[in-house]
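Trainee: I'd like to ask some things about the structure below.
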Amino acid sequence: MRMLLKLVKAAFYLALILAVAAFVAGVVVVVSMRDEIPQLPDRLEKLVLNTRTEFYSGSGSLISTIGEKNRVPLERISPNFIQALLTAEDDEFYLHHGIDKKGILRALLQNLRAGRIEGGASTLTQQLARNFFFSLEQTHIRKLKEILLACQLEYMFDKKEILEAYCNNMYFGSGAYGVEAASRTYFASHADQLSLGQASLLVAILNGPSLYSPYRHPGRARTRQLWILQRMVELGLLTPEARLAAEKEEITLRRYTEGAERSSYFLDYVQDRIREQFGEEFLYYGGLKVFTTLDPALQSSATSAVRGGLRRLDSMLSLPEYGTRGQSPVDYPQGALVAVETGTGAILALVGGRDYYDSQFNRALHQNRLPGSSFKPFVYYTAMRDLGLSPASTLVDSAVTFVLPSGQTWSPGNFEQNFLGRMTLKKALTLSRNVISADLIEMVGPDRVVETARQFGIQAPLTPTPALSLGASGVSPLEMAGAYAVLANGGIYHEPYAIRRIEDYRGNVIYDPVPRGRDVANPQVVYQLVDMMQSVVDHGTGQVLRRLGFMLPAAGKTGTTSDYRDSWFVGFTPGLSCAAWVGYDDNREMRFTQNGRRLGVTGARGGAPIWALFMNQATAGRQRQEFPIPPGIEFLEVNAWSGLPADESTAAADRITVPLLPEQIEAVRGAAAGADSVGTADQTAPPAALDTLEF
């Protein structure tokens, strides 16, 4: 018994010593952090808890801001909002003294098990402390500072003052800080006018302004809103009948202003990149100056081109005027356009849809669609590089069947449903002959084509099959514009980028990427391919650009997928690469009737007109500039079908000029001499049937 008493006494003293040590350590920590905890004013309403973040164009003009606030007293905030807020974020707000002890213990155990900071319980007071005063890193020290300041806030101010400060300073997305700004932004109303449905939607956004934006992610926002309403019922703040009425409430979101809308897809992309690299709080509370690559004039031209091209397409498809009452946006084709500066990779314009207000989904970035024949340049480049083929090399356009690794067979056909026989590679690309492209990928191997696409900046998943020769794997317009820029740039790849630099609120540069190009392609083979793609614009499936008035030197490729689900044109001038796409979001076919014939929307009918509309404005007033010719390239006039040197018997329509290396010229002339010696030279051409091409 005596031994037991001694053990109990020893344990008591040990516990007392540990408690005293913990208290002393806590005091030391608090004292050491005293200078790092901000001094609070005598009234919370004096706090200016953030400075606005500003976004500037490439020329230095201010294009947008986030962080403007309109402070309102608590009495002018709808009780619907207050109840929804406390329900979702801190239902024991009036019971605790700044921290949730049980929640912190649970979070501590969770983080100890995980071996890192995965999360932590935060009261409204802690959120107020965290979002405005401390670094954004997830550390135990930062969490401790947050707790200390939360306790200080609770000691100095009453609950009403803390709640009012929270409501006026938290970020609600779309550039709105505070509930009054959020009410105006989303509903064009005031904070005291919020209905229960509107209030619960705003509170839903607070959980993650980018994740729960009702403009960009209406489904997520709705799910979170319904959870809040149900939680209010569980807490006895709402009757089931009132909840049902709020769920059925028709909420109309305010339309964005025209000026803001024109650059919104681009700004969404910029903000997403900042979130990815630095975190969401850094963007919303950092008081940043973000200098972008945007060219406002080109952005305006891009927006107008997409809308104008889609109006033309609507008319072709016999659709009512867009925006007609009773018509759903999903019943109309969408469009996207990206323009990249070829020498740097700077994104000068980006449009992700026909109307940002109706759909914030960014099709320029986040929707990989089949590129069709616009993927062929990667096939041709790979074959010419690896196999030593030239624009004068010939293949036979005829029926062919490939046996796939799975044992299945694949028989590619041409768009015109005919075959033209032997032809040069330049002629084949000009006329976009599918069989020739399939032959090339079979010769060089699909894996090698995938490697080329990766080198050119394509990051989307690509399936290495023969069908890849016809663009059977999805890509984004941004990737295509960046990849084609490699061709315009003589084989040098610059990763497309939208942010030139970022400064903090003190003017310190905290992000300053240096664009660096890397050689990814043989400049001589690249030029040969560029010359072939110029022929596409001047004599092939891209001639529609010339008919639409774009007359500067350009190279590019149309793209049409099977059943007319995607329509592309991707092309470039020496300084600007641009990708334009149209298609339905639900991947339905784009067909129309003309002169009694059922036709489809090809790349020449859908993507190319948008490209031409944009480029006509983007290049207005610019001097004519030819693509630079690399050393070692010489030119030879050959027969477009046989690939042999043209002579007096070659018709003018069958003559083409091809860029070749000296050894390739020798090979062509040697082939001609051999053909003459046996009398088999045949320079007659099958009918090109250009009148059957879809423009």
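Trainee: Please list the equivalent ellipsoid semi-axes of region 532-633, computed as the square roots of five times the alpha-carbon gyration tensor eigenvalues, in descending order and whole angstrom.
Mentor: On the way: eigenvalues 155, 38, 32 Å².
In descending order the semi-axes read 28, 14, 13 Å.
Trainee: Next up: With all protein chains present, calculate the accessible area of Thr541 using a 1.4 Å probe and round the result to the nearest 10 Å².
Mentor: Rounded to the nearest 10, that gives 10 Å².
Trainee: Give the aspartates and glutamates whose C-alpha is closer than 18 Å to that of Lys289, dropping any in the same chain fewer than 8 places away, or say none.
Mentor: Glu54, Glu68, Asp268, Asp272, Glu276, Glu280, Glu281, Glu503, Asp504, Asp512
Trainee: Here is a further query. Could you look at region 156-197 and say what percent of its accessible area is carbon and sulfur, using a 1.4 Å probe and all protein chains?
Mentor: On the way: 530 of 1100 Å².
Using a 1.4 Å probe with all protein chains present, region 156-197 comes out at 48 percent carbon and sulfur.
Trainee: What are the aspartates and glutamates whose alpha-carbon lies under 16 Å from the alpha-carbon of Lys159, with same-chain residues fewer than 8 places away excluded?
Mentor: Partners within reach: Asp42, Glu45, Glu75, Glu89, Asp90, Asp91, Glu92, Asp100.
Trainee: Using a Förster distance of 56 angstrom, determine the FRET efficiency expected from the C-beta separation of Leu144 and Asp519, and round it to 0.05.
Mentor: Values: r = 51 Å, r/R0 = 0.91.
That pair, Leu144 with Asp519, gives E of 0.65.
Trainee: For region 447-487, what does the accessible surface come to per residue with a 1.4 Å probe? Please give it in Å². Could you put the intermediate results ahead of the total?
Mentor: Working: 1140 Å² over 41 residues.
I get 28 Å² per residue for region 447-487.
Trainee: Next up: Just to verify a number: what accessible area does Arg624 come out at with the full protein assembly present, 1.4 Å probe, Å² rounded to tens?
Mentor: Roll a 1.4 Å probe over it and Arg624 shows about 150 Å².
Trainee: Right, another one. Two decimals, Cα atoms only, Kirkwood Rh: what is Rg/Rh over region 378-525?
Mentor: Numbers: Rg = 19.0 Å, Rh = 17.2 Å.
Looking at region 378-525, the ratio lands at 1.10.
Trainee: Taking the simple approach of a point 7 Å from Cα along Cα-to-Cβ for both Glu451 and Ser189, what is their distance in nm?
Mentor: Placing both labels 7 Å beyond Cα along the Cβ direction yields 6.2 nm.
Trainee: What distance in nm separates the two pseudo spin-label positions at Asn414 and Ser61, each 7 Å out from Cα along the beta-carbon direction?
Mentor: 4.9
Trainee: Expected output is a single nm value to one decimal: the length gained when fully extending between Tyr584 and Val330, i.e. 0.36 nm times separation in residues minus the C-alpha distance. What is it? Provide the component values of the computation, followed by the final result.
Mentor: Working: separation 254, 0.36 × 254 = 91.44 nm, distance 0.75 nm.
Using 0.36 nm per residue and subtracting the Cα-Cα distance, I get 90.7 nm.
Trainee: So, with a 1.4 angstrom probe, what is the percent of accessible area on region 412-513 that is carbon and sulfur? Walk me through the intermediate numbers first.
Mentor: Values: 1630 of 3540 Å².
Of the solvent-accessible surface of region 412-513, carbon and sulfur hold 46 percent.
Trainee: Suppose accessible area is computed on protein heavy atoms with a 1.4 Å probe; arrange Phe278, Phe378 from highest to lowest.
Mentor: So, going from the largest accessible area down, we get Phe278, Phe378.
Trainee: OK, next. If I compute solvent accessible area with a 1.4 Å probe over the protein chains, what percent of it on region 560-686 is carbon and sulfur?
Mentor: Values: 2740 of 5830 Å².
About 47 percent, which is the carbon plus sulfur part of the accessible surface.
Trainee: Taking Lys557 as the anchor, which aspartates and glutamates have their alpha carbon closer than 13 Å to its alpha carbon, excluding any fewer than eight residues away along the same chain?
Mentor: Here the aspartates and glutamates satisfying the reach criterion relative to Lys557 are Asp531, Asp538.
Trainee: Rounded to the nearest whole Å², what accessible area per residue is found for region 356-409 with the 1.4 Å probe?
Mentor: 36
Trainee: Starting from the Cα of Glu442, step 7 Å along the direction of its Cβ; do the same at Ser210; then give the gap between the two resulting points in nm.
Mentor: For the pair Glu442/Ser210, the computed spacing is 4.7 nm.
Trainee: If you don't mind, there's one more thing I want to ask. Calculate the FRET efficiency for Arg597 and Arg547 from the Cβ-Cβ distance with a Förster distance of 30 Å, rounded to the nearest 0.05. Write down the numbers at each step before the final one.
Mentor: On the way: r = 20 Å, r/R0 = 0.68.
Step by step, r from the Cβ atoms, then E = 0.90.
Trainee: I would also like to ask the following. Can you compute 3J(HN,Hα) from phi for each residue in region 434-448, using the Karplus curve 6.51 cos²θ - 1.76 cosθ + 1.60 with θ = phi - 60°, rounded to whole Hz and x for Gly and Pro?
Mentor: 5, 5, 4, 4, 5, 4, 5, 5, 5, 6, 8, x, x, 4, 5
Trainee: Can you give me the accessible area per residue for region 495-630, using a 1.4 Å probe, in Å²? Present the calculation step by step, with values, prior to reporting the outcome.
Mentor: Values: 5760 Å² over 136 residues.
Value returned for region 495-630: 42 Å² of accessible area per residue.
Trainee: Another question, if that's okay. Please compute the length gained on full extension between Asp91 and Ala245, using 0.36 nm multiplied by the number of residues separating them and subtracting their Cα-Cα distance.
Mentor: Working: separation 154, 0.36 × 154 = 55.44 nm, distance 2.26 nm.
Gain on stretching Asp91 to Ala245: 53.2 nm.
Trainee: From the mean inverse distance of alpha carbon pairs (Kirkwood) and the Cα radius of gyration, derive Rg over Rh for region 286-394.
Mentor: 1.10
The values are calculated or read from the model by the stated rules, or taken from the named source; none is laboratory data. Here the structure is a predicted model, which means the values were calculated and not measured. Heads up, the Cβs are rebuilt from the backbone with ideal geometry, glycines too, and the neighbour counts pull from every protein chain shown. Each accessible area value is taken on the protein alone, full model and side chains, heavy atoms only, with ligands, DNA and RNA left out. Shrake-Rupley method; radii C 1.70, N 1.55, O 1.52, S 1.80 Å.
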